1. Would you mind ranking B:Thr199, A:Thr130, A:Thr181 by Cβ crowding within 10 Å, fewest neighbours first?
2. In the stretch B:1-102, which trypsin sites (Lys or Arg not before Pro) fall in coil by DSSP and have 15 or fewer other Cβ atoms within 10 Å?
3. Tell me which residues come under 5 Å, amide H to amide H, from B:Gly34 once H is placed; ignore anything under 5 positions away on its chain.
4. Quick check on the protein assembly as shown: take the gyration tensor over C-alpha atoms, sort the square-rooted eigenvalues as a ≥ b ≥ c, and tell me if it's rounded (a/c under 1.5), prolate or oblate.
5. Residue by residue through A:136-144, how many Cβ atoms from other chains fall within 10 Å of the Cβ on average?
6. Set the bar at 31 Å for Cα to Cα. Now go through B:Lys83/B:Lys186; B:Lys75/B:Lys129; A:Lys51/A:Lys118; A:Lys136/B:Lys203; A:Lys82/A:Lys160; A:Lys136/B:Lys129 and name every pair that lies beyond it.
7. If you take the charge dipole of the protein assembly as shown about its Cα centre, with +1 on Lys and Arg Cβ and -1 on Asp and Glu Cβ, which of A:Gln7, B:Gln3, B:Leu182 is farthest toward its positive end?
8. Less than 17 Å apart at the alpha-carbon level, and either on another chain or at least 8 residues along: which lysines does that give for B:Lys72?
Amino acid sequence: MSDRQIQIFMESLLPLFKAGVAFTIPLALISFVLGMILALFTALARISGWKPLALIARFYVWIIRGTPLIVQLFIIFFGLPKVGIVIDPFPAAVIGFTLSVGAYGSETIRAAILSIPKGQWEACFALGMTRWQALKRAVLPQAARVATPSLASSFISLVKDTSLAATIMVTEMFQTSQQITATYYEPLLLYVEVALIYLLFCSVLSYGQARLERRFDRYHAI
Amino acid sequence: MLQMTHLSKSFGSVQVLRDINLRLEKGKVLVIVGPSGSGKTTLLRCINLLETPTEGEMSVGDLQLHFDQGTKLRKSDILALRKRTGMVFQSYHLFPHRTAVENVMEGLITVQKTDKNQARLQALEMLRKVGLEERAGAYPFQLSGGQQQRVGIARAIAMDPDLLLFDEPTSALDPELVGEVLNAMKALAAEGRTMVVVTHEMKFAEEVADKVIFMDNGLIVEEGTPEQVFRQSTNERTQAFLSRVKGNV
Ligand SMILES: Nc1ncnc2c1ncn2[C@@H]1O[C@H](COP(=O)(O)OP(=O)(O)OP(=O)(O)O)[C@@H](O)[C@H]1O
Ligand SMILES: [Mg+2]
């Protein structure tokens, strides 16, 4: 690397990190938390005995899983204004990512709930619990353990996917790297640099995932 | 305490229980024996409505229920019935994410809304009854099968049910662990608890049962004292079954 390149690299670090802390991380965190709530309700709707609710949930999952995320973001940000719904870039991205996390997460959570043996439900019922109590006290805590590795992986994927928000004018990290590139014309340098920052974020999260899974290991499923 | 009249149960077109009539007085122990597939588990599960009988009447304590194919049971009736009954399962079904004492506290906290500290004291008392007080903090995977089943018993009696149901509580256990569970059950019988026990432990049945029923093919084939059913029966099917499980007599 030339001195000039080293200087550009160093000077870009701060703005990239700032964009990461101000946009990428909040975008991923907010979308993930909201998405998990949506995922839980969608999963519960699908296993509930109430047909119309289950059908709505299936329809939602079908739409989200069957269309590209970037197209969904374009519809929300560029498309909806045509019918009078104008949403700022950041909230538009949050909506898009939340819907995505909710759909994929619901499949994971549903599978985890269904993996808990019927005997656990029956043990609760025999004690006099309602379905809701059995779910809350016995089934969901165990399902959470089953679902954790997969949900943690989707969170890590989400952190990377937030780069798609660059296409709807959210000034997150990738968008910022594009802007700097436009100034200095050093695409290789800057895109590798931003890649390294994503890598750093994701490595920290992988470490957190391993810690979380170890915490769950205090009991064994039997 | 428990009465069934003309009770039957079908799964789809398969009739699993046919015209069951039985009565059990308070404080008595009923043992159900019979070959595999004869409907013992189904009968037991009908008592706490884990299965819904297709037809007939049942009463537990002061609660009376009538079943027919058309009508759905009221949720409040189901819950009321389950409050009167406790169940011990063949494969324990302990909550793996909770310690022994937490397993026993679970029903107290969630169903009876007992205060947590109070529930812990009561749960420890129940564990003491089954000889497991010092294992209170262990998770199920850290306990032997016999210990797990005793936690299962403590969990059921913590709710102080009028009627205790046991579905082959020792058949998943290694032979050397059977005794400790049977002893815990004998102690409960001696306390005067009303119990319905499905088991192939003939010695236990002879010692503890006030009444034995022999089931085959969804029917109660024979009914009487252990002496009558095990020693004096002239019924072919009963004798054939008994000769197969004789090892346990
Ligand atoms: N959920 C179910 N759906 C359909 N058939 C069932 C169901 N549960 C039990 N059965 C059938 O009902 C019959 C009685 O079963 P049950 O489990 O009550 O017998 P059992 O006497 O407890 O046998 P075992 O000694 O093997 O435990 C069997 O033929 C079984 O296949
Ligand atoms: Mg059985």
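None of the figures in this text is laboratory data; all of them are computed from the coordinates on show. On a predicted model such as this, the values are computed, not experimentally measured, just so you know. Glycine also receives a Cβ, built like all others from the backbone with ideal geometry; neighbour counts cover every protein chain displayed.
1. A:Thr130, A:Thr181, B:Thr199
2. Passing both the DSSP loop test and the Cβ count: B:Lys26, B:Lys72, B:Arg74.
3. Amide H to amide H, under 5 Å and 5 or more residues apart or across chains, B:Gly34 pairs with B:Met215.
4. Prolate.
5. If you average over the peptide's residues, the count of other-chain Cβ atoms is 3.
6. Pairs exceeding 31 Å: B:Lys75/B:Lys129; A:Lys136/B:Lys203.
7. Going by the Cα projections, it comes out as A:Gln7.
8. Partners found: B:Lys9.
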